[in-house]
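The values are calculated or read from the model by the stated rules, or taken from the named source; none is laboratory data. Note that the coordinates shown come from a computational prediction; the quantities given were computed from them, not determined experimentally. As a convention, Cβ positions derive from the backbone with ideal geometry for all residues, glycine included, and neighbour counts pool all protein chains shown.
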Number of protein chains: 2
Amino acid sequence: MFENKNNRTELQNLGEFGLIEHIKNQVKLTQSGSIKGIGDDAAIIDNGEGQTVITTDLLLEGVHFDLSYCPLKHLGYKSVVVNISDVCAMNAIPKQITLGLGISNRFSLEAVEEFFSGVLLACERYGVDLVGGDTTSSKSGMVISITAIGIAPAQDIVYRNGAKENDLICVSGDLGGAYMGLQLLNREKQIFLENPNAQPDLQGFDYILERQLKPEARLDIVQRFKTWYLQPTSMIDISDGLASEILHICHQSDVGCQIYEEKLPIDHLTRELGMELGLDATMAALNGGEDYELLFTIPMSEYEKIKDRAEISVVGHITHKNAGYHFVDRQNNVHPLSAQGWDAFLSK
Amino acid sequence: MFENKNNRTELQNLGEFGLIEHIKNQVKLTQSGSIKGIGDDAAIIDNGEGQTVITTDLLLEGVHFDLSYCPLKHLGYKSVVVNISDVCAMNAIPKQITLGLGISNRFSLEAVEEFFSGVLLACERYGVDLVGGDTTSSKSGMVISITAIGIAPAQDIVYRNGAKENDLICVSGDLGGAYMGLQLLNREKQIFLENPNAQPDLQGFDYILERQLKPEARLDIVQRFKTWYLQPTSMIDISDGLASEILHICHQSDVGCQIYEEKLPIDHLTRELGMELGLDATMAALNGGEDYELLFTIPMSEYEKIKDRAEISVVGHITHKNAGYHFVDRQNNVHPLSAQGWDAFLSK
């Protein structure tokens, strides 16, 4: 490349978050409409009447998905959902998406249509419009770039930096399923590679496979917050695992946290499959990623509003920054919490 | 893939525009804020006070750029400019961008910084903010995805579909330079491959090389339209060559056109280099692409407003649809005008 070889910093040593942090520090916002730039689930632009939420994701074949076990329709659906999830994580309502698609000539029109049928199904499911994009040939793998646009009144937007000491840490749905689903698909792929006549043994784990192949964004939770008159103090969606995400909130809010193993919402199928595969369900919930549930904090005074909601679990509480970041296991042993979430630069 | 092999349509047979048309026909807009979807330079979203313009481009190594002769800083700059150009083509003012970047581990941090320095230089030059994005590792080539966001009062937005019979067809700046620049770089690359000790012979062609390596978006023209009280009836930016772009306007406006060779604005360096390389400058202007000038139509009654502007050339006029699409050469021979602009699926 063009860099000075005597002054070379490897990206692996920096990691994805390190690189983002490095870039963020060089970027200054100059437009009066630019309310929030790099560093949250989405950017915020003021448009006079309300605020526009914008988020972009880049998905690459061989890094983010494997076409040998991800059907194109599911891939299209999931690509939209992960971006809608980012808009939801700002407590905003998704409205439009744009799509950039790079595909090689080995794809037929029918294959592209299969992908688009998933994209459009997700658009319909979440009430968003595909308003534009770009298609191009790719000389290597498939490339998917989606930008999602949402809106919200300025006072409704929830950032990562608003968590306060004593706030309750909550998650929607259950965790670890998407990770277990991926492990199951990996196992079946290996078996298939060793014996192409083997039939995949996926029975009984439909829910877990759906968590991986057809995740949903929790727009329903964002809509319920309004009916519950509940405004979280901070929020993020769980794409990289609970541990990694709560640390984002803590760092940006300048607070500490305590998470309890016994409070983690884990589906019984996730546990069962974990036992079958020899994997710890708690680790999957903490570090697995791709569950696309919402992680948010609320003042303790708001506890009544969520305590009887099956779809919300309180998994811990926010502490003073000096208390650090802790995980309390079932035996009441306290462990330091570290982000072992998926890192695109380390996973190679 | 997953398609039915008995029913396979090759993407090459459809082409990039055919694929976009095919997709467009399956997309319905459902949100009241979605004013304009697929099919123009950018999408339009109503935000109550004004309108938001959104456009996305995907740039792939080996398809859109060649790192062996495109310095990373230039690449960063150009990636931003081509998107800002799309916002300008809607007669809107660009305000923000988001960036998705896929890079392999063979890049160092310093190389990524080089790329970003170009991105940020363009942001500064055009007064836009980088508000968000996504970085990830790529297993194959470099992937750049940029979304640009602009604003304009609803009545200022110019679409591709407003050209009327007898309107004048105008272009800003000059054409064909970017294409000639690419040919020059290609020649020097070949010479270098055959003899790595050869020094590149690029002297005297700085302007042409800049047209290719560091194009500019014509935000200045959009700003001048306001001071001239001029509202084009249709507009598009010239990324794929004049011929391809005027046909987009004609098809969407349901009109014909006549373009005159003698009126094409071609810089003398473009002609000189054309002679040296044995390439026709007129063909470069018509089909070369990547000039990022604005192509627009105005009512004949507005001619006075542009006739003495050196930066605007009238290259033809709009005719009735039944008259067809024509190109008149210097010998007054009339040729049918066809789009030979660059097509990502055909150029492989």
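Suppose we keep only residues that are under 17 Å from A:Arg160 (Cβ atoms) and more than 7 Å from every other protein chain (Cβ to nearest Cβ) within the range A:49-81. Which one would you say is modelled with the highest pLDDT? For the range A:49-81, the residue satisfying everything is A:Val53. Restricting the range B:161-174 to residues that are buried (at least 24 other Cβ atoms within 10 Å of the Cβ) and in a loop (DSSP other than H, G, I, E, B) leaves a set whose member that is nearest to the other protein chains (Cβ to nearest Cβ) is B:Ala163. Of all residues in the range B:3-26, those satisfying the criterion of being at the interface with chain A (Cβ under 8 Å from one of its Cβ atoms), modelled with pLDDT under 75 and either in contact with a strand residue (DSSP E or B) (Cβ under 7 Å, 6 or more places away or on another chain) or surrounded by 14 or more Cβ atoms within 10 Å (Cβ to Cβ) (or both) are B:Glu3, B:Leu11, B:Leu14, B:Glu16, B:Leu19, B:Ile20, B:His22, B:Ile23.
For the range B:65-80, give me each residue that is buried (at least 22 other Cβ atoms within 10 Å of the Cβ) and either under 13 Å from B:Ile146 (Cβ atoms) or touching a strand residue (DSSP E or B) at 6+ places or on another chain (Cβ under 7 Å) (or both). The answer is B:Leu75, B:Gly76, B:Tyr77, B:Lys78, B:Ser79, B:Val80.
In the set A:Arg106, A:Arg125, which member is in the same structural domain as A:Thr56 (by TED's automatic domain parsing), in a helix (DSSP H, G or I), surrounded by fewer than 23 Cβ atoms within 10 Å (Cβ to Cβ) and charged (D, E, K, R)?
Working: A:Arg106 fails: in a helix (DSSP H, G or I).
That would be A:Arg125, the only listed residue that is in the same structural domain as A:Thr56 (by TED's automatic domain parsing), in a helix (DSSP H, G or I), surrounded by fewer than 23 Cβ atoms within 10 Å (Cβ to Cβ) and charged (D, E, K, R).
Within the range A:175-200, the set of residues being surrounded by 13 or more Cβ atoms within 10 Å (Cβ to Cβ) and part of a loop (DSSP other than H, G, I, E, B) comprises A:Leu175, A:Gly176, A:Pro200.
One residue alone among A:Ser140, A:Ser145, A:Ser117 is of a type outside the set (Asp, Glu) and part of a loop (DSSP other than H, G, I, E, B), and that residue is A:Ser140.
Can you name every residue in the range B:298-322 that is in contact with a Cys (Cβ under 8 Å, 6 or more places away or on another chain) and within 27 Å of B:Glu210 (Cα to Cα)? Correct list: B:Ile306, B:Ile312, B:Ser313, B:Val314, B:Val315.
For beta carbons closer than 9 Å, sequence separation of 6+ or different chains, a first residue in the range B:224-236 that is in the same structural domain as B:Cys88 (by TED's automatic domain parsing) and a second that is polar (S, T, N, Q), there are no qualifying pairs.
Look through A:Leu185, A:Leu193, A:Leu175 and report the one residue that is modelled with pLDDT under 95, under 23 Å from A:Ala284 (Cβ atoms) and in the same structural domain as A:Lys263 (by TED's automatic domain parsing).
On the way: A:Leu193 fails: under 23 Å from A:Ala284 (Cβ atoms); A:Leu175 fails: modelled with pLDDT under 95.
On inspection, the qualifying residue turns out to be A:Leu185.
Residue count for the range B:82-141 under the criterion of being out of contact with any Ser or Thr (no Cβ under 9 Å at 6 or more places or on another chain), more than 9 Å from every other protein chain (Cβ to nearest Cβ) and among the polar types (S, T, N, Q): the result is 1. Residues A:Ile221, A:Ile246, A:Ile146: which one is under 16 Å from the mean Cα position of the chain (by Cα) and outside the structural domain of A:Leu295 (by TED's automatic domain parsing)? On inspection, the qualifying residue turns out to be A:Ile146.
For the range B:68-108, the candidate set comprises residues that are of a type in the set (Ser, Thr, Tyr) and over 15 Å from B:Asp41 (Cα atoms); within that set, the residue that is nearest to the chain's Cα centre (by Cα) is B:Ser79.
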